[in-house]
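Asks: Mind having a look at this structure? Questions to follow.
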Amino acid sequence: MRSVAFADSPDAKVVAPPERASSLLRVFVKICGVTSEEDGLLAVGMGADALGLNFVLGSKRQIAVDRARDIVRRLPSETMTVGIFRNELPERVVEIVQRAGLRAAQLHGDESAEDARRVRSRIPVVIKAFAAGHPALSRVADFGADAIMIDGAEPGSGEVFDWSLAEGAPSAGHRVLLAGGLHPGNVADAIARVCPWGVDVATGVESAPGRKDPVKLREFIA
């Protein structure tokens, strides 16, 4: 079994996922848009490797910093917790991550390479998200991120994009997470087609925005 985590990051622990007999083939699984302790514990208990907590203003899954801190405190200490941000000031990203006790930041907007590096200098793990086919994918190394995420043009919409746009994503030296419209019915095909290091899902495992569906979670991760 291979270890899936951001092991190159000095402050990040290696997380070895449970044995899975499914088509996920032990890829890294991040469940995004967690808004409650119950959903967080449910996802981790089913084998999720990371949880995303959304701080994007106006998002249907936006969570208050104090609420996020309460959730994180109740999770197993080895859980990779990721704060989601969009076009936020680097100083604010660092402040929220530290206040909430998170282990990583995901920059999911039009952040510059300079801003991404500023965040990375203060936060152990940074994920930089790009829309599939975005020109910036040709210079991902400039952002200094520990992993890159390929998503659709409308993050959190649950819409599937043309996976062929992700097939040529830079992979040499980069961990690539695939997002955008994934759900239990298509995640195996997506992995077979794109061969990502990991997958990310929010809408595809929900019963309502911000509320996870136990059956969908199990089918996605199992």
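The values are calculated or read from the model by the stated rules, or taken from the named source; none is laboratory data. Being a predicted model, the structure only gives us computed values, none of them experimental. Positions of Cβ are generated from backbone atoms using ideal geometry, with glycine treated the same way; all protein chains shown enter the neighbour counts.
Asks: Looking at Ala43, is it under 13 Å from Ala202 (Cα atoms), of a type in the set (A, V, I, L, M, F, W, C) and part of a loop (DSSP other than H, G, I, E, B)? Outline the logic, then answer.
Replies: Values: under 13 Å from Ala202 (Cα atoms): yes; of a type in the set (A, V, I, L, M, F, W, C): yes; part of a loop (DSSP other than H, G, I, E, B): no.
So Ala43 fails the test.
Asks: Pairs please, first residue from the range 175-194 and farther than 22 Å from Ile127 by Cβ, second anywhere and of a type in the set (Phe, Trp, Tyr) and at pLDDT 95 or above, Cβ atoms under 6 Å, 6+ apart in sequence or on different chains.
Replies: Pro184/Phe220
Asks: Restricting the search to the range 54-80, which residues are in contact with a strand residue (DSSP E or B) (Cβ under 8 Å, 6 or more places away or on another chain) and either within 11 Å of Glu37 (Cβ to Cβ) or in a helix (DSSP H, G or I) (or both)?
Replies: If the condition is that a residue be in contact with a strand residue (DSSP E or B) (Cβ under 8 Å, 6 or more places away or on another chain) and either within 11 Å of Glu37 (Cβ to Cβ) or in a helix (DSSP H, G or I) (or both), then Ala68, Ile71, Val72, Leu75 are the ones that fit.
Asks: Residue by residue through the range 81-126, note down the ones that are of a type outside the set (Ser, Thr, Tyr) and part of a strand (DSSP E or B). Let's see the steps before the verdict.
Replies: First, the residues of the range 81-126 that are of a type outside the set (Ser, Thr, Tyr): 82-111, 113-120, 122-126.
If the condition is that a residue be of a type outside the set (Ser, Thr, Tyr) and part of a strand (DSSP E or B), then Val82, Gly83, Ile84, Phe85, Ala104, Ala105, Gln106, Leu107, Val125, Val126 are the ones that fit.
Asks: Is at least one residue of the range 66-87 small (Gly, Ala, Ser) and modelled with pLDDT under 95? Talk me through it step by step, then tell me what you get.
Replies: Applying the first criterion (small (Gly, Ala, Ser)) to the range 66-87 yields 68, 77, 83.
Applying the additional criterion that residues be modelled with pLDDT under 95 yields 77.
Within the range 66-87, one or more residues are small (Gly, Ala, Ser) and modelled with pLDDT under 95.
Asks: Could you say whether any residue in the range 47-56 is free of Cβ contacts under 8 Å to residues at least 12 places away in the same chain and small (Gly, Ala, Ser)?
Replies: Step one: of the range 47-56, the residues free of Cβ contacts under 8 Å to residues at least 12 places away in the same chain are none.
No, there is no match, as no residue in the range 47-56 is free of Cβ contacts under 8 Å to residues at least 12 places away in the same chain and small (Gly, Ala, Ser).
Asks: Shifting gears a bit: Yes or no: Arg61 among the basic types (Lys, Arg) and surrounded by 15 or more Cβ atoms within 10 Å (Cβ to Cβ)?
Replies: Values: among the basic types (Lys, Arg): yes; surrounded by 15 or more Cβ atoms within 10 Å (Cβ to Cβ): yes.
When the stated conditions are applied, Arg61 passes them.
A quick yes/no check of all residues on (1) under 26 Å from Asp189 (Cβ atoms); (2) modelled with pLDDT under 95:
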site	(1), (2)
Pro10	no, yes
Glu19	yes, yes
Leu25	yes, yes
Val34	yes, no
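Asks: Ok, one more. For the range 145-179, which residues satisfy the criterion of being within 15 Å of the chain's Cα centre (by Cα), under 23 Å from Arg103 (Cα atoms) and at pLDDT below 90?
Replies: Asp151, Pro155, Gly156, His174
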